[in-house]
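See structure below.
The values are calculated or read from the model by the stated rules, or taken from the named source; none is laboratory data. Just so it is clear, the model here is predicted, and its values are computed rather than measured. Glycine gets a Cβ as well: all are built from the backbone with ideal geometry, and neighbour counts include every protein chain shown. Surface accessibility is based on the protein's heavy atoms, side chains included, excluding ligands, DNA and RNA. Shrake-Rupley method; radii C 1.70, N 1.55, O 1.52, S 1.80 Å.
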Amino acid sequence: MSYTKGLQEVGEGLYAYLQPEGGWGWSNAGLVADGERTLLIDTLYDRALTEQMLRAMRAAVPAAASIDTLVNTHANGDHCYGNELVGGARILASAATAAEMPELPPAAMAALVEQAPQMGELGRFFLDCFGAFDFRGIELKLPEETFSGELALRVGDLELKLIEVGPAHTRGDTLVFVPERRVLFSGDILFNGAHPIVWAGPASNWIAACDRIIAMDPEVIVPGHGPLAGLDAVRELKAYFEYLYAESRTRHERGMSALEAARSLALERWADWGEHERLVVNIASIYRELEEDPEPANALLAFQQMAELSRRAE
Ligand SMILES: [Zn+2]
């Protein structure tokens, strides 16, 4: 299985749409097709990218000309801002995801990109992450159907399971599993080859989600970002969070800030993972858990911390 941009079959009637290199905003999506029935897993960050993806899907799978169901795995814009282009589909997400989605509308991202040149170091970092996308004029189409916990679905004769494992990356993270084919579309519960980012947390829920995936025993995982993966990537992610818990605890006891902790951490076998700056947000989340503060990450503060950490890393 290669890591090239575009659509590839990952099982009979199952497709991954990959966007290398998988960094900020460069998300993957999935397609499930059986006969005339189709289900899309996530849209992309802007209209042009989503249109390009839908064209590739229609070329490979004629039934994808009309998508019956769209599942959004979570509320981040790189997985739902293209929703309006999937006309006629019923849009389905966990209730927690549907509630979170309107909190950061595309117009707010467009305004931030526009203001970024006047925002100093933070603005530069923000443009490094998001400057490649066009958020202008996007109308965010929200899910109209929701579920909580688990939901069994059928696409033609194929059975699908939607499994809510959030709050972890976001409040309502959902896995889409096709048991018969042992293929899992993980959304951003797996960033393959890059640091995850704990927006909602707690990270302990993310560890539980890893255990859940390991128990499901998928053969192929289509991650939210990065190349196709197997269970090894999930075991690495679980070990990463366990390592962060252990290392954060001792640094928290010594009174180090999350930024100091991130700078002092030897990342060992995770040292070559992308988006290293997310480390500070993940440590800050564990700190809040240790302090019994249930608040999710503050996005502005998180981006300030990441801008600072990435500057020091250069
Ligand atoms: Zn994402």
Within the range 242-314, list the trypsin sites (Lys or Arg not before Pro) lying in a DSSP loop whose Cβ has at most 10 other Cβ atoms in a 10 Å radius.
Arg254
Extension gain from Leu267 to Arg58, taking 0.36 nm per residue of separation minus the Cα-Cα distance
71.0 nm
Heads up, I need the accessible area for Cys129: 1.4 angstrom probe, whole protein in place, Å², nearest 10.
10 Å²
Sorted largest first, the C-alpha extents of the chain along its principal axes in whole angstrom are 60, 45, 34
Virtual spin-label span in nm between Ala95 and Ala111, 7 Å along Cα→Cβ
3.0 nm
Can you give me the relative contact order of the range 153-271 as a percent, contacts being Cα pairs under 8 Å and 6 or more apart?
20 percent
To the nearest 0.05, the calculated FRET efficiency linking Ala208 and Glu12 through their beta-carbon distance, R0 being 30 Å, is 0.45
I'd like to check one number: the per residue accessible area of the chain, probe 1.4 Å, reported in Å² as a whole number.
41 Å²
Keeping the other protein chains in place, figure out the carbon and sulfur percent of the accessible area of the range 53-103, with a 1.4 Å probe.
51 percent
So how far, in whole Å, is the C-alpha centre of the range 261-288 from the one of the range 95-138?
23 Å
Taking the alpha-carbon set of the range 127-223, what are its Rg and Dmax in Å?
15.2, 44
Placing +1 at every Lys and Arg Cβ and -1 at every Asp and Glu Cβ, with all other atoms neutral, what dipole size does the chain have around its Cα centre, in debye to the nearest 20?
320 debye
